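Before any comments, here is the structure.
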Amino acid sequence: MVSTLIKNGRIVTAVDEYTADILIEDDRVRMIGRDLPAADHTQVHDARGLLVLPGGVDVHTHLDWDFGVARTVDTFGTGTKAAAFGGTTTVVDFANQTRGERLRPGLENWRRRAESACVDVGAHMIVLDVNRETLADMTILIQEGVTSFKLFTAYPGVLMVDDGALFRAMRVAAAGGAMICIHAENGPVIQVLVEDAVAAGQTAPKYHALTRPSSMEGEATHRAIRLAELAATPLYVVHLSAAEALLAVTQARDQGLPVYAETCPHYLFLTAADYDRPGFDGAKYVMTPPLRTPAHQEALWRGLKTDDLQVISTDHCPFCFNEQPYGLKFSKQQGRNDFSKIPNGAPGVETRLPLIFDGGVKRQGLSLNRFVELTSTAPARLFGLFPRKGTIAVGSDADIVLFDPDETWTIRAAEGHSRVDYTMFEGRSVTGRVKKVFLRGQLIVDGPEWLGKEGMGEFLRRGVSGRI
Ligand code: URP
Ligand code: ZN
Ligand code: ZN
């Protein structure tokens, strides 16, 4: 038996904050108390002056994702190593159906790619064709621990499903206790705006934002909520960026509906002004939905404080800015002459915890408990992983982060661990730094040193959503 003792740290969960020792035996937390003794073979880590947090849970990543025109640059190995250095020990990534096929081949393909993961991984399933077979597959997948499904009201002809198909999928999810994750933007209307802009020669990255108005995110969010209400399914709105969408979620929650939403660090710290950066640099910020104005940002912070938003995830969807040896299909340069061809997505899996600690706890006054709730506990609960993940408690997986709340450092892509060649937060000074990370009791990050290995991440069979 391997045993580890973390001594004198300030343990923070979503509900508690206290100083104690944690005894880990093999992969679980065995005991929490004051002055716990160490046996001869016990490895001891002194966490005096550090916060002891449950490992981060990031329920929105796209690792090694090939969607035809582009492919994200992180493998599961590199992306989850970056996650670990950022204090995230659980990732729920998106597997996708290939059009015309059943769901299982898409999931099996994802599982093969995920074998190199360095932290624990679960899968949401993206559903593109809704028909008798795929609806039956959803029920089987739920029993196998894939308990959430993403559908799109955006990207017509590529990822979008119509309202009837969405409603059918929602009814099957409701019957099985699964969660529907919705990418909510009005795709057909956006397509008209994009076509008009390109025809008018408006091809710079800033037109990405100008052709995806916040009202069309609000409209689609409202529509998805009404469909979910009718189907009696819980709904999780992914990458929410707009005040109008938040209003729809807030009103639904006030009605008592099981509607939840996440936002992402880029919507909290960056704005549409970043699309005006010189040259083609605005392309680094092309993700969907786009960055918005400061007024939307203020609404998001309010939502995080009032629990109208429950989760902060990253939507880590990394494409290099410059073409790399992997080829053009992996870079933003595809859209140099036409913003609509810029691969949509941006990196962020490594910087979430420090950014939210610095910007949320230090600057916006979020409590430490809320910080943990937003980045670990709530996503674990909503996606059927709690209490194995998302907290520090006797019997939980010993996924633990030692975090220095006082260290100030500067974010640099060159010091990150993703294969991507930029960060949206280059040069930003933040206070709060991950020092050590344990995955199921094993020390995998020790300062700058990597002690983990590819393949040590386990596939997580998730339960049905625990409502919060
Ligand atoms: O631009 C984004 N967000 N790309 C990833 C795909 C998605 O819609 O989440
Ligand atoms: Zn999406
Ligand atoms: Zn995404």
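Neighbours of GLY187 by Cβ distance under 13 Å: Lys/Arg scored +1, Asp/Glu scored -1, total -4. Taking Cα atoms only, the orientation of helix 103-113 departs from the longest principal axis of the chain by about 50 degrees. Taking amide H as placed 1.01 Å from N in the peptide plane, ASP21 has its amide H under 5 Å from the amide H of ASN8, GLY33, ARG34, ASP35, LEU36, each at least 5 places away in sequence or on another chain.
For the chain, the longest principal axis of the C-alpha atoms and the axis of helix 187-199 are separated by about 70°.
A simple packing score, the average count of other Cβ atoms within 10 Å per residue, orders the peptides 447-458, 54-65 as 54-65, 447-458, with the highest score first.
DSSP bridge analysis restricted to the stretch 1-137 gives an antiparallel fraction near 45%, rounded to the nearest 5.
Taking the centroid of alpha carbons for each part, the stretch 64-103 and the stretch 176-235 are 22 Å apart. Taking trypsin sites (Lys or Arg not before Pro) across the stretch 14-46, the ones in a DSSP loop with at most 16 further Cβ atoms lying within 10 angstrom of their Cβ are ARG34. Dividing the helix sum by the residues of the chain, where each DSSP H run of 4 or more adds -39500 (n - 2.57), gives a mean residue ellipticity at 222 nm of -8000 deg cm²/dmol. The string of couplings for the stretch 371-376 from the Karplus curve (6.51, -1.76, 1.60, θ = phi - 60°) is 4, 5, 4, 5, 9, 9 Hz, one whole number per residue in order, with x for Gly and Pro. So what is the relative contact order for the stretch 56-363, in percent, with contacts set as C-alpha pairs under 8 Å and at least six apart? Relative contact order here is 18 percent.
Ranked by the mean number of other Cβ atoms within 10 Å of their residues, highest first, the peptides 272-279, 231-238 come out as 231-238, 272-279. Separation of the stretch 245-297 from the stretch 118-164 is 23 Å, based on Cα centroids. FRET efficiency for the pair ARG226 and GLU195, taken as 1/(1 + (r/R0)^6) with r the Cβ-Cβ distance and R0 = 35 Å, rounds to 0.80. Amide hydrogen proximity for SER465: with H placed 1.01 Å from N in the peptide plane, the residues at 5 or more positions away or on another chain lying under 5 Å are MET179. The alpha carbons of the chain occupy a box of 71, 50, 42 Å along the principal axes, longest dimension given first.
Just so you know, all these numbers are worked out from the coordinates, no wet-lab data involved. This one's a predicted model, so the numbers in the text were calculated from it and none came from an experiment. Cβ: placed from backbone, ideal geometry, glycine included. Neighbour counts: every protein chain shown.
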